[in-house]
């Protein structure tokens, strides 16, 4: 392993797609990255000395709150939860969603506003279209973005 500051990966496990397990597991072990998977139900990305699983009680945002408590500047959070992404970006951490989209200080407020608007419409009884089914293109985008992030930040200490 190199001498650079180590990045810890935090996984919001409550909605983590199983299709990403192999990609993430491989990267974690290849680069010897400390990883914490936090969820309110058991998940299994794989058994590794580098992965810690934390199970929190069921309840709104308990896993999110634990991630926010633990994450520090420069860490990576993998989540599709826009409010959680906003909170960790405030802590100067990085976010990649399950579909390979990078969320950052330049785009998170726009995504949060859209999410809140859609939630408000649903609360009023409007029918809204959900996301497209998670597919192989999403898996590939995630793999590419994760690799790009890790090559920049782990190998070069950026």
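The values are calculated or read from the model by the stated rules, or taken from the named source; none is laboratory data. Everything numeric here is computed off the predicted structure, so don't read it as measured data. For neighbour counting, all protein chains shown are included, and Cβ atoms are generated from backbone atoms with ideal geometry for every residue, glycine included.
For residue 7, state whether it is closer than 22 Å to residue 91 by Cβ, surrounded by 15 or more Cβ atoms within 10 Å (Cβ to Cβ), modelled with pLDDT under 95 and touching a strand residue (DSSP E or B) at 6+ places or on another chain (Cβ under 9 Å). Before the answer, list the steps.
Details: closer than 22 Å to residue 91 by Cβ: yes; surrounded by 15 or more Cβ atoms within 10 Å (Cβ to Cβ): yes; modelled with pLDDT under 95: yes; touching a strand residue (DSSP E or B) at 6+ places or on another chain (Cβ under 9 Å): yes.
In short, yes.
Do we have residue 155 as at pLDDT below 95, part of a loop (DSSP other than H, G, I, E, B) and closer than 23 Å to residue 31 by Cα here? Spell out the reasoning first.
Working: at pLDDT below 95: yes; part of a loop (DSSP other than H, G, I, E, B): yes; closer than 23 Å to residue 31 by Cα: yes.
For residue 155, the condition - at pLDDT below 95, part of a loop (DSSP other than H, G, I, E, B) and closer than 23 Å to residue 31 by Cα - is met.
State whether the residues of the stretch 1-13 include one that is closer than 19 Å to residue 98 by Cα, assigned to a helix (DSSP H, G or I) and within 16 Å of the chain's Cα centre (by Cα). Full working, then the answer.
First pass over the stretch 1-13, keeping only residues closer than 19 Å to residue 98 by Cα: 7-13.
Now restrict to residues that are assigned to a helix (DSSP H, G or I): 13.
Those still in the list that are within 16 Å of the chain's Cα centre (by Cα) too: 13.
Looking for residues that are closer than 19 Å to residue 98 by Cα, assigned to a helix (DSSP H, G or I) and within 16 Å of the chain's Cα centre (by Cα), one finds at least one in the stretch 1-13, hence yes.
Search the stretch 89-98 for residues being within 10 Å of the chain's Cα centre (by Cα) and not in a loop (DSSP other than H, G, I, E, B), and hand back the single one that is surrounded by the most Cβ atoms within 10 Å (Cβ to Cβ).
95
Kindly list the number of the only condition in (1) farther than 17 Å from residue 20 by Cβ; (2) in a helix (DSSP H, G or I) that fails for residue 85.
So the condition that residue 85 fails would be (1).
Report, by residue number, each residue of the stretch 67-80 that is surrounded by fewer than 19 Cβ atoms within 10 Å (Cβ to Cβ) and either under 25 Å from residue 134 (Cα atoms) or touching a strand residue (DSSP E or B) at 6+ places or on another chain (Cβ under 8 Å) (or both).
Within the stretch 67-80, 70, 74 meet the criteria.
Identify, please: which residue in the stretch 44-76 is free of Cβ contacts under 8 Å to residues at least 60 places away in the same chain and in a helix (DSSP H, G or I) and is, among those, farthest from residue 103 (Cα to Cα)?
So the first thing to find is which residues in the stretch 44-76 are free of Cβ contacts under 8 Å to residues at least 60 places away in the same chain, and the list is 44-69, 73.
Retained after the next criterion (residues that are in a helix (DSSP H, G or I)): 62-69.
Working: 62: 21, 63: 19, 64: 16, 65: 18, 66: 20, 67: 16, 68: 16, 69: 19 Å.
The extreme case among them is 62.
Quick check on residue 129: is it part of a loop (DSSP other than H, G, I, E, B), without any contact (Cβ under 8 Å) to a residue 12 or more places away in the chain, more than 17 Å from residue 79 (Cβ to Cβ) and over 17 Å from the mean Cα position of the chain (by Cα)?
So residue 129 passes the test.
Evaluate the stretch 81-88: report whether one residue or more is in contact with a strand residue (DSSP E or B) (Cβ under 8 Å, 6 or more places away or on another chain), surrounded by 15 or more Cβ atoms within 10 Å (Cβ to Cβ) and within 22 Å of residue 30 (Cα to Cα).
No, because not a single residue in the stretch 81-88 is in contact with a strand residue (DSSP E or B) (Cβ under 8 Å, 6 or more places away or on another chain), surrounded by 15 or more Cβ atoms within 10 Å (Cβ to Cβ) and within 22 Å of residue 30 (Cα to Cα).
Can you find a residue in the stretch 99-108 that is part of a helix (DSSP H, G or I), in contact with a helix residue (DSSP H, G or I) (Cβ under 6 Å, 6 or more places away or on another chain), under 18 Å from residue 64 (Cα atoms) and in contact (Cβ under 8 Å) with a residue 24 or more places away in the chain?
Our first condition is that a residue be part of a helix (DSSP H, G or I); within the stretch 99-108, this holds for 108.
Within this subset, residues satisfying the condition of being in contact with a helix residue (DSSP H, G or I) (Cβ under 6 Å, 6 or more places away or on another chain) are 108.
Those still in the list that are under 18 Å from residue 64 (Cα atoms) too: 108.
Narrowing the set further to residues that are in contact (Cβ under 8 Å) with a residue 24 or more places away in the chain leaves 108.
Yes, there is a match, as at least one residue in the stretch 99-108 is part of a helix (DSSP H, G or I), in contact with a helix residue (DSSP H, G or I) (Cβ under 6 Å, 6 or more places away or on another chain), under 18 Å from residue 64 (Cα atoms) and in contact (Cβ under 8 Å) with a residue 24 or more places away in the chain.
Out of the residues in the stretch 32-43 meeting the condition of being touching a residue at least 24 places away in the same chain (Cβ under 8 Å) and more than 19 Å from residue 139 (Cβ to Cβ), tell me which one is surrounded by the most Cβ atoms within 10 Å (Cβ to Cβ).
Kept after step one, since they are touching a residue at least 24 places away in the same chain (Cβ under 8 Å), are these residues of the stretch 32-43: 32-41, 43.
After this cut, where a residue has to be more than 19 Å from residue 139 (Cβ to Cβ) as well, the list is 32-34, 36, 38-41.
Numbers: 32: 13, 33: 20, 34: 15, 36: 20, 38: 25, 39: 20, 40: 17, 41: 10.
Checked the stretch 32-43; the qualifying residue surrounded by the most Cβ atoms within 10 Å (Cβ to Cβ) is 38.
In this structure, is residue 41 over 15 Å from the mean Cα position of the chain (by Cα), at pLDDT below 95 and not in a loop (DSSP other than H, G, I, E, B)?
Judged against the criteria, residue 41 is not a match.
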